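Trainee: I have a structure I would like to understand better, so I am pasting it below and will then ask my questions one at a time.
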Amino acid sequence: MKILLAGGAGFIGSHTVVELIQAGHEPVVVDNLYNSNRKVFERLKAITGKDVCFYEADVCDAQAMDDIFAREHFDAVIQFAGYKAVPESVRESVKYYRNNLDTTLTLLECMQRHGVTRIVFSSSATVYGPIEESPLVETMPSAGPTNPYAWSKYMNEVILRDAVVSNPGWSVALLRYFNPIGAHESGLIGENPLGIPNNLMPYVTQVAVGKLPHLNINGTDFPTPDGTGVRDYIHVVDLARGHVAACDYLFDHTGCEVINLGTGVGYSVMDVVNTFERVNELTLEKVIAPRRPGDMASYYSDPTKAKNLLGWQTEKTLDDMCRDSWRWQKNNPNGYED
Ligand code: NAD
Ligand code: UDP
């Protein structure tokens, strides 16, 4: 299948490029490089031996996207393009709603004009909202998103559900990712956050490489076995393979499915820190800090639906995630910058 990866130069998209090629598909990337770097394509060539087709364009640019759709004749679309920093989405909500909705709406209009019927959407576990009752199952109603980023994912899900009603031959997968970490085992591609990271693993790796002085352990009084927050960390390569499975599934189904992509296992902040220190044989500077406002104690998936529907499940361990995250950061202290 020839598959458009909108936002495919980023963290999850670049790993999905590798897995699609290895599964015999033909990825085509469109990205405006807002949060990515064109050097990723040299790295992708080193990993796959292939020149990946790349268009530098804004996915909200309907004319540019029309031209690309007319030329490429896609079999399916994966929609990664969007902004993803939660605190920034609170400060700059209009910018977030504009980009995160416009990218999808522009793609849907192009799909209608060019007869493309399959789309995979990067949704997020954050759509479930504040539910203190893990594992989270797709049938649970949302408790209401708690920030503009999460609302933008929720709104995208509504738009895509309605698009299937209006276009009954379409097939849509709304993939709710849990906490993607790790990197390709080559150490050539990985996560490259703008500014100071918000998420745990990029923060840990930047402390380990000496770019940040210490790790804040945000909250040690949660009702969890060791008092620190529990999340469902998923290796980005497993997540990327979930997209390949979703594309294969969409090929002979119609309708819209919400699917969790997680491991089903929760690890605490201290589990991650201890594993990172053990497998990489180093010690992190740590400071006990207050809880972040609104943080849940425990948040992890029920991945049964992905297994039943897609025949997909995770294979990599927390040891793999910690080892691969560190290899990427150690080999590329400044990401794709020299
Ligand atoms: P990322 O920022 O690394 O990748 C997103 C890519 O989209 C970037 O390369 C960026 O340049 C591009 N982009 C943004 N707006 C664009 C536009 N208007 N036109 C063209 N390109 C545009 O993020 P990621 O971690 O790879 O996440 C991919 C998707 O998955 C995002 O939609 C994100 O919200 C979602 N998601 C991510 C996580 C996570 O923890 N990483 C969790 C849940 C959901
Ligand atoms: N966390 C932490 N220090 C940090 C960043 C995160 O202790 O510098 C904790 C956070 O409180 C949560 C877990 O790590 O319990 C995962 O946080 P992240 O932001 O990566 O994911 P999210 O909370 O959005 O699922």
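None of the figures in this text is laboratory data; all of them are computed from the coordinates on show. Just so you know, these numbers come straight off a predicted model, no measurement behind them. Cβ placement follows ideal geometry from the backbone for every residue including glycine, while neighbour counts extend to all protein chains displayed.
Trainee: For a label point 7 angstrom out from the Cα of Glu92 toward its Cβ, which stretches of the stretch 1-27 have the backbone nitrogen within less than 12 Å?
Mentor: none
Trainee: Next question, about the same structure. Relative to the longest principal Cα axis of the chain, at what angle does helix 11-22 sit, 0 to 90 degrees, rounded to 10?
Mentor: 60 degrees
Trainee: Quick check: pseudo-label points 7 Å beyond the Cα along Cα→Cβ at Arg278 and Arg161, how many nm apart are they?
Mentor: If labels sit at Arg278 and Arg161, their model points lie 4.1 nm apart.
Trainee: Same structure, new question: Sort 9-18, 243-252 for me by packing, meaning the mean count of neighbouring Cβ atoms within 10 Å per residue, highest on top.
Mentor: Highest mean packing first, the order is 9-18, 243-252.
Trainee: Quick check for you: which residues of the stretch 29-62 have the amide N under 20 Å from the point 7 Å beyond the Cα of Glu337 toward its beta carbon?
Mentor: 32-43
Trainee: Same structure, new question: Nearest 10 degrees is fine. How inclined is helix 62-72 to the longest principal axis of the chain, computing both from alpha carbons?
Mentor: The answer is roughly 70 degrees.
Trainee: Compute the projected area of the convex hull of the Cα atoms of the stretch 2-77, averaged over all viewing directions, and report it in nm² to one decimal place.
Mentor: About 4.6 nm², averaged over all directions.
Trainee: Okay, moving on. Efficiency by 1/(1 + (r/R0)^6): what FRET value for Thr139 and Lys286, r their Cβ-Cβ distance, R0 = 41 Å, to the nearest 0.05?
Mentor: Working from the Cβ atoms, E equals 0.60.
Trainee: Hey, can you grab everything whose amide H is under 5 Å from the amide H of Val120? Only 5+ residues off in sequence or another chain; H modelled, so Pro and N-termini drop out.
Mentor: Here Val77, Ile78, Gln79, Ala173 satisfy the definition.
Trainee: Ok, one more. Over 19 Å between Cα atoms, which of Lys2/Lys305; Lys211/Lys286; Lys2/Lys50; Lys95/Lys153 qualify?
Mentor: Lys2/Lys305
Trainee: Another question, then. What percent does the relative contact order of the stretch 1-131 come to when contacts are Cα pairs within less than 8 Å and at least six residues apart?
Mentor: Computed value for the stretch 1-131: 27 percent relative contact order.
Trainee: Assuming 0.36 nm per residue, please report the length gained on full extension of the stretch Leu194 to Asp61 beyond their Cα-Cα distance.
Mentor: 45.5 nm
Trainee: Further, regarding this structure: Among 305-311, 194-200, 124-130, 77-83, what's the highest-first ranking by average C-beta atoms within 10 angstrom per residue?
Mentor: Taking the mean over residues of other Cβ atoms within 10 Å, the ranking is 77-83, 124-130, 305-311, 194-200.
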